1. With viscosity set to 1.567 mPa s and temperature to 4 °C, compute the Stokes-Einstein D of the chain, Rh being the Kirkwood radius across alpha carbon pairs; µm²/s, no decimals.
2. Under the Karplus relation 6.51 cos²θ - 1.76 cosθ + 1.60, θ = phi - 60°, what is the ordered set of whole-Hz ³J(HN,Hα) values for the range 101-114, x standing for Gly and Pro?
3. Could you check which residue among Ala35, Ala67, Ala27 shows the biggest mean-square fluctuation in a GNM of the chain with a 10 Å Cα cutoff?
4. Please determine, in degrees from 0 to 90 and to the nearest 10, the orientation of helix 58-74 with respect to the longest principal axis defined by the Cα atoms of the chain, where the helix direction is its Cα long axis.
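Rule-based calculations on the coordinates, nothing more; no lab input. Owing to the predicted nature of the structure, the values given are computational and were not obtained by experimental measurement.
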Amino acid sequence: MADCIFCSIISGDMKGDIVFENDTVVAFRDINPQAPVHILVVPRKHIATLNDLTPEDASIISETVLAAKKLAADEGVAEDGYRLVWNCNRGAGQTVFHIHLHLLGGRTFGWPPG
Ligand code: 5GP
Ligand code: ZN
């Protein structure tokens, strides 16, 4: 998708600190980390928001979560705990309109979130 930052990172047109990739997802470190570990797990398919998901995307979503789980272990935060966040639309803080799963770890997190 033209003018999408994450499509540009996925295609290699823009630089990203990529930590994992497979046929379905690409994962790279967030440019403005909110925790010692802050990785974005991004489906290769351009889907603007979670509201645009269809049942055909079910395997993409499960692969995204499984990649985050593997990365949490690789980054050494699985045992202490980590947070996975999907922001949907501006009211929830979404700023990049290509769905992505935040993997946050390496510190404690409050609940409920702010
Ligand atoms: P959102 O607010 O949409 O849930 O999350 C978007 C995330 O993308 C933010 O945490 C932001 O720091 C990150 N981000 C925005 N632009 C770039 C970029 O060019 N490279 C990387 N690695 N992260 C980005
Ligand atoms: Zn995109």
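1. On the way: Rh = 14.5 Å.
Translational D for this selection: 90 µm²/s.
2. For the range 101-114, the Karplus-derived couplings read 9, 7, 10, 10, x, x, 8, 8, 10, x, 9, x, x, x Hz, x marking Gly and Pro.
3. Comparing Ala35, Ala67, Ala27 in the GNM, the peak value goes to Ala35.
4. 40 degrees
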